[in-house]
Each structure stands twice: as structure tokens, then as C-alpha cells.
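A.B. asks: Shown below is the structure under consideration.
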Amino acid sequence: MAEVDGFREFVRERTPALSRHAYLLTGDHQLAEDLLQSALAGTYRHWRRIADSNPEAYVRQAMYHQQVSWWRRRRVPEQLAAVPHQPALADPAEATALRLTMTQALSRLTPKQRAVIVLRFYEDLTEAQAADVLGCRIGTVKRHAHDALRRLREVAPDLIDSGLRRVERSPR
Amino acid sequence: MTMRLQQELRREAATAETYDVYARSLVTARRSRRRAMASWAVVVAALALVVPLAGRPEPIPVADGESPSLPDRLGLPAYGSLDATAYPHLGAASALFGGFGTRFGGFADDPDRYGLAGATTDRYRVLRKGFTDGSALLSPDGRTVADAATPDGPDRRAVIRLTDLATGRISWLPGTGSRAVAWSPDGRRLAIEDVAADGRSGALRILEVADGRAVALVTYPRDQGAFEVTAAFAPDGRFAYVQDFRAHVVDAAGTELLTFPAGAYLLTGKGSWTPDGRSFAMVKRTDRGWTPHWFDASTGREVPGPALPAVPGDLSGDLVGLPGDALAHLLGWRRDGTALVFAGHRVLGLTPGAAAPATVMTVPGQVQTLDLADQAIAGGLVRPGDPPFAIGPRLRIWLAGLLLAVLLLVLWARHRRGRARWRRVAAVPWRTTNGEIA
């Protein structure tokens, strides 16, 4: 398989953004690296077909699909952290505590819930767009978002402010 | 808006390193491609190995050296059974049967096929006859089926068709013929009845199967309410038939040896003659049970016959559509003198001197006509019946094709939906790529 024109440049330019994305999806540097590697490998195999459209969208979609796929979950079992005993406190160390709480709270989510949270609140996609990326129905996205936010609210109440309800009813 | 959640997510993402995975992703891509190619190679090799073997099934040996036998339980042909001429050829059959119901094709009251059970094993086939009247007969060796069918062509009159189960070849006897009446014991001659196109007259002839030479026995008007001709060959080649309330016995050349008034009597099937050829059995068409009366073949007088046990029960209503409105048929004789009678959805073995008949074969209620090969009867062998599953090979192929078509349709729909989805995903304005976050 000879190298394909443009793939190297694409990877060099987009790796930082894609790395952030992978890390946010997995919450673990090694897993994120593995996820990005697999997604790029799949992209490379189809590069000629997708190079002229939107290869980055392809990589991101591949990462989401691999992250939530049964096969990958089977290979890399999720390690859930214990529930924090105390919610984050509003003191000078609040930012640090909140970040730790955030990491622990995200680790409490299932891969699908986590993917929906990242798509909705990091990528700021609509429910319909998130459903297209994940290859599922809008109702499934709503369900996962609802469950994820409820769990986040239980684990880290300070993370979810009162304006959440408007988000849950955001336009499709 | 959950600004805090968004901010924390971005802050979390910012802690990610930039992973240098370019070289390893190429290695992974090449490895997965090699694996995919190897997997396809294995699949192709397996198909190349399996398909030729599956496409060339072992031929079923003709019953040479293996004595034909009767199944103790007859089944109905499966939906989608193989045709009688299909490969692998059946070789020979021990039972040929027809009836009503969906297993016999067509509509419930207008079947278009007969069923066949193999001579030595329970392999079932169907013989398609189209929507013609008449009956089918199995040759004494079980290798050939004679029936009336309509060949393709401008002349739509029925012709006697011979189907060779060993080779799958079909031949047509010259002339016309509306019904096969009886095979001679040596399988060389066939008695047929031919009804004129207008249905007003009929003729009884004996044909030489090899060259189609015919001996005309009788031509008769077919008035309304006339009974069909009943006939049977004697073991020595003589031929008895009852037509228009008279019984006739002719020799192989068609010369009449005896005739006498038969009154209400009819011959009772192809096994009506006793094995010694001295007498033949007739039954009264008004009887509600099966009570044979034996008549001397040289004098026409009623004589004592074999001391067969009585067939119990009232058989009226059990069988309809049998030639001569008979309620039961004497199908033949075993070498030990046991007569086999098809009556009441069973084949009964009537052994002289026995107190009661023994059940040789059970027959499904949908079966109305049954013929057994003389050789299978004579040998007296009975094997455990193994009726076929309801779905036969031809239907299985159709179902597999239908399943494949549905699968392809689903895959095509998924592909279209996936492409449409990909177009929408490609058009997503990723903020982390193009917006302020990137």
C-alpha cells in the first residue's frame, strides 16, 4: 500500500485537534492514542474516496463509532472510578477540585453517554447532528443525554447549572 | 446553557497531548488490509471447495441388488419437492400416490401432481401432471410411471406419458389416451382408456410399450352415468375388464376368452387376479365394506377364493374418486400369499387363514389414490417410514433466494441511509475545527 497524497499533511495539521477529541472521548491518554490511531488507519484505507469531501469529519465519526462499538468496549473494558464522597467545594481550590470532579464524573458515564455529552456540549452539535454522527436515532441521543446529565448532576451538582433545562430543550 | 460544563470540557480537552500516531496508523491500516485480503482468500477458497461438491450430489443408486421395500408410514410430498425427473434420479419408486390438499399442488380440489416414494429409501419426489383427469400407474419394477398428460403443442389432447425414474427421460406413447388402466405383470404392455374429445365414446386398448402397437379391445358409448372401466392383468398375461355390466377375459392378443354378465360387480384393483391365475376378485359397487367375490376365469362362475380375513369397518366415504367408485383396492400379492389392500387410509396385509388383517402401511388422510410397485409388494419387505420435512429442496432454494434478496435490499437501504448520513456529517460545522475553540 503506497502512501497516499495528502494524508501525511492532513494528519500533521489535524492531529492536535483530533487528539483533544480522542482524549475527551476516552479520558485516558493511552486509550485516546489507540483510538486516534485506529481511526486514522481506517481513514487511510479509504483516503482516496474521502480526501475530496471532509476527511476530518470521517475521522471524528470513526472515533465515535469505535468508541461506542461493542468490539472496542470488549477489548478495552471501562474502568470506573469510585464516586467522590464530597462534591466540589466553592473555595480557592474550587477550579482544581471541579476539574477532578469533572474527570471522575465523566468516567462514570457509559461510552455512549460520554460520546453524546462530548458531541452536544463540546462540539455544540444539535441532537440531529449528533444522531447522524453516532448513526442512531434522535430519540437515542436524547435518552443518552438525559441519562448522562442526570448522572453528572448526581456526581457533580456544581457542574450542571440551572440553565441546563434550556439545553435539554435546545433545537434539534 | 451549561457554560460550566462546556468550559470544563474544553479545559479537559486542553490537557490532551498531541499523539504522534501517523506511522503506527499506516502500519495498522496495512495490517488490517492484509488480514482482510487473507480472510477473503479463505472465504473464496472455501467456496471453491464446497460449491462443486454441493452441486454434484451422489446419485441415488437404482435398486439393483437391493430389494425394494415399502415404507410402513407414507408421508406427503414436501412443499417444493424435487421433480420425478430431477437429478439425482430416484431410480425406482415403491409407491405412487395422489390426493387432495396443498401438498399435491394446484388448488385444494384440483391437484396437479402425484407423490412418489423411493424403492429402497424414503426419498420423495413429485410428478407434475397439470390439471388433467386420469390416474397414474407405477410399473411392476417401480421404474416407470404411466399417466395421461397434455404435451406442449397445438393439439391439446391428452397422451399417455411414460416417465423413466432411473434416467429422468420422458416418452410419449403414440395416439391419444385419457387414462392408464393397468400395467401387464412383465411391464411390456399397458392397458389404456381413451375418451373421445366430445366425451361421448371411449375405447379400451392394450399398447406395446416398446413400439406403441395397439390392440383395440372395445369401443363403447359413454352415456351419462356410465361407470368407468375396471381392469386387471393376470400373472400369465391374460386381461380381465368389466365394462357396461359385463366381465370380459381376453388373451395377450386381444382374443376374447370369456365374457359373462357382471351385474353390480367390479374388478377390485390391479391385484384382482389370484397369483395362480385361476380366478379373479370382484366387489359389489353397492357394498359399504370390502367383500371380494371370486370368479373362475374359465367359467365365470363364482367360486371360493383364498380365506382372507375380512376388512373391518364401513369404508364408504373413506376414498373418493377411485375408478369404478370402489371403496378399496387389491394392490397385489406377496409371495407368501398375503394380499395387500388399500382401504381406510391404510394398506392392509390379508394373510390367508389369519384372524384379522395386519397394517402394512399407514397413509395420510389426504391421499386418495395409491399404487405400489409389484416388486415391492412381492418381496414383502417393509422399512421404517421417514416422511420428508414440509419444506423441500426446491422451496428451500426459493426461500434462500428470497432471504438473500431481502438481505440485499436491507443492505442497499442501509447503504443509502449511510451515504445520506455521511453527507450530513460532512456538512457539520465542527466548532472545534473551524470555530473559536480550534
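A.B. asks: If each of B:W412 and B:A46 carries a label point 7 Å out from its Cα toward its Cβ, how far apart are those two points in nm?
C.D. replies: 2.7
A.B. asks: What is the stretch B:182-252 by shape, rounded, prolate or oblate, if you read a ≥ b ≥ c off the alpha carbon gyration tensor as root eigenvalues and call it rounded for a/c under 1.5, prolate for a/b larger than b/c, and oblate otherwise?
C.D. replies: Taking the square roots of the gyration eigenvalues as a ≥ b ≥ c, the stretch B:182-252 is oblate.
A.B. asks: Let me ask something else. Run through all the Cα pairs of the stretch B:152-226 and give the fraction in each 5 Å bin from 0, expressed as whole percent.
C.D. replies: 3, 15, 24, 24, 17, 10, 5, 1, 0
A.B. asks: Also: Pick out which of B:R35, B:R288, B:R200 has the largest mean-square fluctuation in a Gaussian network model of chain B, springs linking Cα atoms closer than 10 Å.
C.D. replies: B:R35
A.B. asks: A further question follows. Which FRET efficiency value, to the nearest 0.05, is calculated for A:A51 and B:R157 with the Förster distance at 60 angstrom and r the Cβ-Cβ distance?
C.D. replies: 0.25
A.B. asks: In the stretch B:253-296, which residues have a backbone nitrogen under 15 Å from the label point lying 7 Å from B:D186's Cα in the Cα-to-Cβ direction?
C.D. replies: Residues B:253-254 qualify, since their backbone N sits under 15 Å from the label point.
A.B. asks: What net charge is computed for the residues neighbouring B:F389, neighbours being all others with C-beta under 15 Å from the C-beta of B:F389, Lys and Arg scored +1, Asp and Glu -1?
C.D. replies: Neighbourhood net charge equals +4.
A.B. asks: Can I ask one more? What's the FRET efficiency of B:A197 with B:T150 using the Cβ-Cβ distance as r and R₀ = 22 Å, to the nearest 0.05?
C.D. replies: 0.95
A.B. asks: Put a dot 7 Å past each Cα toward the Cβ at B:L257 and B:R31; how far apart are the dots in nm?
C.D. replies: Distance between label points: 9.1 nm.
A.B. asks: Using only the alpha-carbon atoms, how far is helix B:393-426 inclined from the longest principal axis of chain B? Give it as 0 to 90 degrees, nearest 10.
C.D. replies: Helix B:393-426 and the main axis of chain B meet at about 20 degrees.
A.B. asks: Would the stretch B:235-290 count as rounded, prolate or oblate if I go by the C-alpha gyration tensor, calling it rounded below 1.5 in a/c and otherwise prolate when a/b exceeds b/c, oblate otherwise?
C.D. replies: Taking the square roots of the gyration eigenvalues as a ≥ b ≥ c, the stretch B:235-290 is oblate.
Quick note: the coordinates plus some simple rules give every number you see, no bench work behind them. On a predicted model such as this, the values are computed, not experimentally measured, just so you know. All Cβ positions, even for glycine, are placed from backbone atoms using ideal geometry, and neighbour counts span all protein chains on display.
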